[in-house]
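Chemist: Below: one structure in structure tokens.
The values are calculated or read from the model by the stated rules, or taken from the named source; none is laboratory data. Just so you know, these numbers come straight off a predicted model, no measurement behind them. Here the Cβ positions follow ideal geometry from the backbone for every residue, glycine too, while neighbour counts run over all protein chains shown.
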Amino acid sequence: MIPGSRRRRRPAALAAAAVVVTTSVVASLMTTDIGVVPAQALTTHTVTSPDGEITFAVHEQASGALTYEVTAGTTTIFEESPLGIATSGVDFSTGLAYASQSRTTIDDTYTLPAGTKPSYRDHANELVLSYTKGGQTMRLVVRAYDDGVAYRYELPGGSGAVSITDETSGFRLPAPTGGWAAVWNGNYEQDYVYRSAAGLNDGTELTMPLLASIDDNAYFTVISEANVYNADASYAPSLLKGSQANDGLLNVERTPDQAFPISSTYPFQTPWRAAVIAADLDTLVNSDLVQHLNPPATADADWVKPGRAAWSWFSDGDSAADLDKQKQMVDFAASMGFEYVTVDCCYDPDVDLPAISQYAAQRNVDIFAWVTAEPFATPAQADALVSEHKAYGVVGLKVDFFLNDSQEVMGWYQSIGDAAGEHELMLNFHGSTKPGGENRTWPWVVTSEAVAGTEHYLYPPPTTARLDATFPFVRNPIGGMDYTPTMISLNGSILTQAHTLAQAVVFTSGMVNYSDSAAAYEQWPGRHLMRAVPTVWDETRVVEGFPGDHVTMARRSGDDWFIGAMTDPARTASVPLSFLGSGTYTATIFGDDANGRVSSVTTQQVTSASTLSLPMIATGGAAVHISKTPLAQIGSGDVRYEAEAPGNTLSGGAVTDNCKGCSGGAKVGFLGNGGAVQFNNVMAGVAGTHELTFTYTSGDPRSIQIEVNGSVVGTEALKDSGGWEFVNKWTIDVPLNAGANTIRFSNPAAFGPDIDALIVSRHTEAEAAGNTLASGATVSACGPCSGGSKVTGLGGGGSVRFNGLTATAAGNHTVRVDYAATVDSTAQVSVGGAAPVTVEFPSTGGATATATVTLGLGLNAGAGNTVTVTGGSGAAPDIDRITVTN
């Protein structure tokens with residue numbers, strides 16, 4: 001198979017029964033309904049998929065050995081391949097005597113809280129063949145699905161110990177099949193590269209999953225295993241190793257972490273040896289076969305909540321123990337509507353976790369906490385530690401550093417998975433083995449790593465566009481992957497910003513940890529899509545793609561569609577929108593500029609007759625939101641002043657430098673010791689105190705002196721930003737004149753940070769004399785509130801109108817509403833008497849505990865804007881203040 005080929009062939013349908021049994025005694029080759037039966041085969045048993053397309057044939061050889069073949073239509077997927085398992089007492093790879101068989105049709109429907117479909121149908125035909133040898137029984141269990149096959153061995157054996165000494169399973173690919181494979185590594189964070197048939201067969205230890213192209217892309221197959229780490233540590237994961245005989249055979253072998261013998265107990269069963277089989281990449285991506293092969297959950301999982309997380313570790317590796325930095329991540333998550341913040345290594349659990357959990361809960365955000373796996377090794381240890389972390393207030397654990405495929409470590413997974421379900425804590429496995437659909441048994445495993453994701457920029461080699469275009473077809477079909485997408489800051493990054501934004505759409509994960517800094521995202525146009533992208537889906541379509549080259553995927557959530565496109569070479573994606581319903585939709589498009597940055601957002605009206613054309617530069621991408629309700633772009637009208645703007649004044653040694661994650665793609669550095677940047681013409685609608693927020697980069701803590709209109713207003717001791725390419729922010733109140741102002745940054749005594757940009761906002765207290773209270777609204781004391789008071793009594797139609805709000809320019813401005821609510825509440829918010837919108841105000845946990853709701857409101861230029869907050873018939877919030885970004 002040539003990797004550049006795009007040819008697709010769909011086989012003719014077979015007019016066959018759902019299950020076909022062929023018993024033949026032959027002395028020479030003969031053709032049957034399954035193709036060619038080997039000359040030495042005495043008996044052949046077959047099971048066919050429910051749609052009649054895929055057939056798994058088990059051949060009984062004269063030696064008493066078993067082999068199998070798999071066909072799809074008229075195409076051979078696996079040629080005659082070995083079967084067998086051995087114990088210390090009996091070798092079941094030869095000398096078997098047929099005993100009996102049974103057949104079952106499986107047809108179950110189930111749902112999962114963190115999935116890619118509203119419901120799943122587990123539909124297969126199953127054949128169980130029983131064989132005996134030496135008074136012992138071995139059962140071969142085979143399943144044929146419409147999108148693949150699977151088999152496993154069962155040793156009923158009564159009770160007691162059993163020692164597994166060998167397994168002779170394999171997958172023999174027809175010549176000259178090539179595919180995408182990765183060299184085995186215990187963390188499963190390898191590079192999948194295309195290998196020819198000779199390359200697959202050369203004896204290299206290759207990881208599961210492996211993607212092969214059959215008959216020049218007529219079919220694709222993903223080879224892996226299922227029901228591995230949720231099986232009471234009865235076995236261990238496997239790898240694939242070519243026979244070195246140039247015969248296409250990939251043997252199922254032990255990883256270096258676990259050799260034979262493997263000690264287990266009766267009754268014993270291996271993991272499923274599974275192969276997804278698809279005539280096109282859309283079927284491949286949508287396969288749930290690996291997940292189906294796991295036992296259903298035995299405990300209620302309605303408490304599991306998929307979602308998105310802010311995560312500071314990649315951009316600021318020492319930030320976990322800095323409560324202020326973690327609070328910043330919580331505030332960002334709340335402003336974006338994210339469900340979580342992941343607090344990564346390293347922190348003091350007794351001190352830091354209760355503090356950040358309490359702060360986050362008040363803002364309707366939950367915490368995942370990073371832990372290492374080994375302390376959870378036994379059921380007793382896992383139960384105690386999971387219970388302890390539950391008491392800290394976290395809702396999930398990111399369990400890291402398994403890094404081992406031994407049978408012992410499979411016991412760690414079992415202990416952690418069981419304890420987490422018992423105590424209702426969600427799990428994200430990192431430094432882990434590959435998933436094998438275990439989330440069906442443990443729906444609280446919302447994602448796992450086992451992928452070379454964003455962190456490989458810190459641990460080279462970094463991931464590539466070629467690899468990103470491979471993952472959807474080889475890694476994601478076996479389970480969700482915590483790639484930690486949408487890194488936008490590193491100047492030397494291989495991938496463009498639109499490419500990394502598309503990762504959040506294309507890659508499947510029940511939990512998405514966004515990898516860049518809060519400050520970088522807050523000023524990036526891509527934040528508008530990040531706010532809307534879900535982590536669970538109702539429908540997925542592969543529009544176009546080829547492994548290692550490009551992928552374009554359309555995914556539906558409710559009535560909205562999201563399109564993610566990623567490419568290695570420069571190309572234009574063509575996306576027919578025939579999947580849309582009737583009527584007109586708004587497509588909001590995020591693409592790269594020539595420098596690989598998402599610097600603007602475009603919209604166009606589309607219908608089901610439209611075709612989107614998405615040009616992409618090399619290693620680039622595009623992301624699109626399509627809805628009858630245009631995508632909210634909160635703060636798109638905010639006025640941001642760039643340090644590198646030509647109207648500013650640079651003095652001393654200050655210079656402009658490139659900064660991919662900065663709002664304008666540049667910053668001003670070498671400040672201090674004579675270097676300074678002065679922002680000119682910073683506008684304020686009225687004179688008075690304003691909130692100045694500036695963004696900066698710094699590899700270490702540094703100070704900056706701030707002058708407003710020629711007067712020093714303060715010297716701020718800034719925290720590091722995590723590195724010179726990662727953005728942080730700082731906020732200070734400053735006095736501004738009405739009209740134009742100058743703001744100067746310098747450090748007379750030492751070097752300061754690099755300055756990116758600034759914005760100006762203004763607070764208005766709800767109880768301010770210029771506001772209008774109506775219909776029972778009243779001012780009441782509130783010690784923790786910003787002005788010592790709040791407006792209450794909005795329930796039943798009470799209202800507070802904020803008068804005289806200013807905006808420098810007309811547009812959608814960021815408006816932050818600080819409030820308190822003892823229960824989940826709602827209110828109507830309107831601008832200038834226009835039609836109101838209903839806004840949810842989640843409980844803050846107390847009448848004086850405040851939180852913030854972030855809105856985007858259309859304001860006019862000038863000081864004549866009004867915003868009214870009105871309660872309804874149900875619970876309403878108390879209002880502390882609002883803050884408008886000019």
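Chemist: Looking at (1) in a strand (DSSP E or B); (2) of a type in the set (S, T, Y); (3) surrounded by fewer than 14 Cβ atoms within 10 Å (Cβ to Cβ), find the lone condition where T588 falls short.
Modeler: Checking T588 against (1) in a strand (DSSP E or B); (2) of a type in the set (S, T, Y); (3) surrounded by fewer than 14 Cβ atoms within 10 Å (Cβ to Cβ), the one that fails is (3).
Chemist: Residue check, P701 against (1) surrounded by fewer than 15 Cβ atoms within 10 Å (Cβ to Cβ); (2) over 34 Å from the mean Cα position of the chain (by Cα), all met but one. Which one?
Modeler: The one condition P701 does not meet is (2).
Chemist: Please work out if A360 is crowded, with 21+ Cβ neighbours inside 10 Å and either free of Cβ contacts under 8 Å to residues at least 24 places away in the same chain or closer than 29 Å to Q523 by Cβ (or both).
Modeler: yes
Chemist: Another question, if that's okay. Looking at R254, R273, which is the one that is surrounded by fewer than 23 Cβ atoms within 10 Å (Cβ to Cβ), under 24 Å from E79 (Cα atoms) and of a type in the set (K, R)?
Modeler: On the way: R273 fails: surrounded by fewer than 23 Cβ atoms within 10 Å (Cβ to Cβ).
Of R254, R273, the one residue that is surrounded by fewer than 23 Cβ atoms within 10 Å (Cβ to Cβ), under 24 Å from E79 (Cα atoms) and of a type in the set (K, R) is R254.
Chemist: Would you pick out the residues in the stretch 120-137 that are without any contact (Cβ under 8 Å) to a residue 40 or more places away in the chain and not in a strand (DSSP E or B)?
Modeler: Within the stretch 120-137, G135 is the sole residue that qualifies.
Chemist: Within the stretch 298-333, track down each residue that is buried (at least 22 other Cβ atoms within 10 Å of the Cβ), farther than 18 Å from T486 by Cβ and under 20 Å from the mean Cα position of the chain (by Cα).
Modeler: V304, V330
Chemist: Does at least one position in the stretch 299-312 carry a residue that is without any contact (Cβ under 8 Å) to a residue 24 or more places away in the chain, of a type outside the set (A, V, I, L, M) and not assigned by TED's automatic domain parsing to the domain that holds G199?
Modeler: Taking every residue of the stretch 299-312 in turn, at least one turns out to be without any contact (Cβ under 8 Å) to a residue 24 or more places away in the chain, of a type outside the set (A, V, I, L, M) and not assigned by TED's automatic domain parsing to the domain that holds G199.
Chemist: Which members of the stretch 629-676 meet the condition of being on the phi < 0 side of the Ramachandran plot, of a type outside the set (A, V, I, L, M), buried (at least 19 other Cβ atoms within 10 Å of the Cβ) and not in a strand (DSSP E or B)?
Modeler: G637, D638, E644, N648, C659, K660, G661, C662, S663
Chemist: Within the stretch 605-628, can you find the residues that are buried (at least 17 other Cβ atoms within 10 Å of the Cβ) and among the hydrophobic types (A, V, I, L, M, F, W, C)?
Modeler: V606, L612, L614, M616, I617, A622, A623, V624, I626
Chemist: I need the full set of residues from the stretch 688-737 which are assigned to a loop (DSSP other than H, G, I, E, B) and among the small types (G, A, S), in order please.
Modeler: Residues satisfying the conditions are G699, G710, S721, G722.
Residue-wise test of (1) crowded, with 24+ Cβ neighbours inside 10 Å; (2) more than 25 Å from G73 (Cβ to Cβ).
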site	(1), (2)
D191	no, yes
D202	no, yes
E205	no, yes
L210	yes, no
N217	no, no
F220	yes, no
I223	yes, no
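Chemist: Restricting attention to strands (runs of 3 or more DSSP E) lying wholly within the stretch 212-284, give those where 1 or more residues are closer than 28 Å to G89 by Cβ and polar (S, T, N, Q).
Modeler: Working: elements: 219-226, 238-242, 249-254, 262-265, 272-278.
The qualifying strands (runs of 3 or more DSSP E) are 238-242, 249-254, 262-265.
Chemist: Select the strands (runs of 3 or more DSSP E) contained entirely in the stretch 781-846, then report the ones holding at least 1 residues which are crowded, with 16+ Cβ neighbours inside 10 Å and among the charged types (D, E, K, R).
Modeler: 789-792, 799-807, 811-821
Chemist: Can you tell me which residue in the stretch 173-190 is nearest to R254 (Cα to Cα), limited to those that are hydrophobic (A, V, I, L, M, F, W, C) and in contact with a strand residue (DSSP E or B) (Cβ under 6 Å, 6 or more places away or on another chain)?
Modeler: Out of the qualifying residues, it is W184.
Chemist: Please specify each residue of the stretch 609-628 satisfying the condition of being farther than 20 Å from S582 by Cα and touching a residue at least 60 places away in the same chain (Cβ under 8 Å). Quick ask: steps written out before the conclusion?
Modeler: Narrowing the stretch 609-628 to residues farther than 20 Å from S582 by Cα: 613-623.
Residues satisfying the conditions are L614, M616, I617, A618, T619, G620, G621, A622, A623.
Chemist: Now for a separate question. Quick check on this structure: which one of T695, T689, T731, T764 is buried (at least 20 other Cβ atoms within 10 Å of the Cβ) and closer than 25 Å to V817 by Cβ? Full working, then the answer.
Modeler: Working: T689 fails: buried (at least 20 other Cβ atoms within 10 Å of the Cβ); T731 fails: buried (at least 20 other Cβ atoms within 10 Å of the Cβ); T764 fails: buried (at least 20 other Cβ atoms within 10 Å of the Cβ).
One residue alone meets the criteria, T695.
Chemist: Any residue that is touching a residue at least 60 places away in the same chain (Cβ under 8 Å) and under 29 Å from S448 (Cα atoms) - is there at least one of those in the stretch 153-160? I'd like the intermediate steps shown before the answer.
Modeler: If we filter the stretch 153-160 for residues that are touching a residue at least 60 places away in the same chain (Cβ under 8 Å), which is where we start, we get 153-160.
Within this subset, residues satisfying the condition of being under 29 Å from S448 (Cα atoms) are 153-154.
Yes.
Chemist: With modelled with pLDDT under 95 and under 29 Å from the mean Cα position of the chain (by Cα) as the only criterion, which of G157, G115, G179, G148 stands out?
Modeler: None of the other options fit; the residue is G115.
Chemist: Okay, next question. S574 - would you say it is surrounded by fewer than 17 Cβ atoms within 10 Å (Cβ to Cβ) and over 14 Å from P615 (Cβ atoms)?
Modeler: no
Chemist: Please list, ordered by first then second residue, the pairs with beta carbon atoms under 9 Å, 6 or more apart or interchain, first in the stretch 202-218 and in the same structural domain as A274 (by TED's automatic domain parsing) and at positive phi, second crowded, with 22+ Cβ neighbours inside 10 Å and of a type in the set (S, T, N, Q).
Modeler: From the stretch 202-218, the pairs are D215/T177.
Yes or no, residue by residue, for (1) among the β-branched types (V, I, T); (2) not in a strand (DSSP E or B):
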| residue | (1), (2) |
| --- | --- |
| Y98 | no, no |
| I106 | yes, no |
| P118 | no, yes |
| R143 | no, no |
| P176 | no, yes |
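Chemist: Still on this structure: Those residues that are surrounded by fewer than 20 Cβ atoms within 10 Å (Cβ to Cβ) and out of contact with any Asp or Glu (no Cβ under 7 Å at 6 or more places or on another chain), I need them from the stretch 767-780; list them, please. Even if it seems obvious, please write down each step before you answer.
Modeler: Going residue by residue through the stretch 767-780, those that are surrounded by fewer than 20 Cβ atoms within 10 Å (Cβ to Cβ) are 768-770, 772-776, 778-780.
Residues satisfying the conditions are A768, A769, G770, T772, L773, A774, S775, G776, T778, S780.
Chemist: When residues of the stretch 862-873 are filtered for being surrounded by fewer than 19 Cβ atoms within 10 Å (Cβ to Cβ) and modelled with pLDDT of 95 or more, how many remain?
Modeler: Start the filter on the stretch 862-873 by keeping residues that are surrounded by fewer than 19 Cβ atoms within 10 Å (Cβ to Cβ), which leaves 862-864, 866, 872-873.
The next check asks that each one be modelled with pLDDT of 95 or more; those that pass are 866.
Counting residues in the stretch 862-873 that are surrounded by fewer than 19 Cβ atoms within 10 Å (Cβ to Cβ) and modelled with pLDDT of 95 or more gives 1.
Chemist: Does R466 meet the test of being surrounded by fewer than 24 Cβ atoms within 10 Å (Cβ to Cβ) and either within 27 Å of V445 (Cβ to Cβ) or at pLDDT 95 or above (or both)?
Modeler: So R466 fits the description; yes.
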